[in-house]
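Below is one structure, written out as structure tokens; comments come after it.
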């Protein structure tokens, strides 16, 4: 409910204009990395507050962590909904963080795989051994889901058959995190476009009987 309220507030503030396709000429991997690391850290902090019998964090320790990361990943036996639906959806989110930043498909897939490995070996390993499904299926299936969501959102943004508010709501349902990231990405795009830009340049060397060799250069700038 809180997520829905946040989305409605953003829409009412007029952020639907920001959801048009925003070109960022300088994709920055630090942006999705900071979001992933911060989110995983918050998830770990929240997990430690859960019932230890559920979170399996009752035996946290350095020895346990070293033992978990030095042993081969295990085939876990979590509920199939977690391994094959929930976790791939999380993988699609990490994929989209990189894809929406302007990186190609395979770079985003590798980023999603690195994010899963970071969680398995860097955070969750304090409680249990890394999971084969989470290391392989989460980024692979998640990237396919993420690419479908990415292309669907792009088609909606380019569509002229729907009013802006309807496009915004549909884009928010497809990729709610991008709704929150879009104003930040738009601000970056505007900052990259500030300052004078050379639009056209013409001219070249010439010969003047009175002045000799000359060079005439004409430029047009946009401010």
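Some observations on this one:
- With 0.36 nm allotted per residue and the present C-alpha distance subtracted, the residue 29-residue 158 stretch has 43.9 nm of extension available.
- Centre-to-centre, using Cα atoms only, the range 142-170 and the range 69-139 are separated by 24 Å.
- For peptides 169-176, 147-154, sequence by mean Cβ density within 10 Å, most packed first: 169-176, 147-154
- Highest-first arrangement of 32-45, 102-115, 72-85, where packing means the average Cβ count within 10 Å: 102-115, 32-45, 72-85
Read-outs: derived from the displayed coordinates by stated rules, not from any lab. This is a predicted model, so every value here is computed, not measured. Neighbour counts are summed over all protein chains in view; Cβ atoms, including those assigned to glycine, are modelled from backbone coordinates with ideal geometry.
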